[in-house]
Every structure is written in structure tokens, then in C-alpha cells.
Amino acid sequence: VGEFGGPGPGANRTDAGLGDRFGGADAGVERVVSKRTYCQQCPHFSAPPDVACDHEGTSIVEAVGFDEFRVRNCPMVDDDDPTFDTPHEE
């Protein structure tokens, strides 16, 4: 037990993998994107009811509200538009 009642030095820590979540070296590029504009139009997105990306190295980290996903290392995300061919809404 440490000085303030927490685990002492060398104790097993449950946050060992949090570096990825908080921008560690292996975290990759994360962006929050519209799930309708990007994920649901993408050929790598799973069929409902699953929510997954089958593009190697890409992951859907979390749902942000009802309309957005936080994605990691998605090559389809561009600063302007999705990089796959889809008809654009006017």
C-alpha cells in the first residue's frame, strides 16, 4: 500500500494499456467522423447489426453520440470528403 492508501510501487496496474487511449506512441491517427457519410458508405463496414471495420489496421474506437464514430487509422478519411467513390448528396 502506498503513502495515500493506493497501490504501492511495483503493484499490478490495470491501466497499463491506457497509453493507446491517451495518445501513446502506438495510438495512431484518430478522427471523429459522420457514420452516415463515412462508415455506412464504406465497403469495409460490416453489415448490420454489427459495428466493425474489416480494413486491416483500422478500428472503430467508439460511438460518439448517435451520428458519429471515433475511428483509428482509417485511410478512407480525408480532410474534405471520403476517399472512396460514392454519390455525393446535393
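Distance between the modelled labels on residue 55 and residue 67, one decimal in nanometres: 2.2 nm (7 Å Cα→Cβ projection). Here's the picture: charge each Lys and Arg Cβ at +1 and each Asp and Glu Cβ at -1 in region 30-72, and of 71, 32, 61 the one pushed furthest to the positive end of that dipole is 32.
So, counting K/R as plus one and D/E as minus one, what does the shell of residues with Cβ under 9 Å around residue 35 add up to? Before the final figure, lay out each step's value.
On the way: positive: 36; negative: 67, 68.
Net charge in that neighbourhood comes out at -1.
Taken together, the values in this text are just the output of simple stated rules run on the coordinates, not laboratory data. The model shown is predicted, which means the values in this text are computed figures rather than measured ones. So basically every Cβ, Gly included, is an ideal-geometry build from the backbone, and we count neighbours across all protein chains shown.
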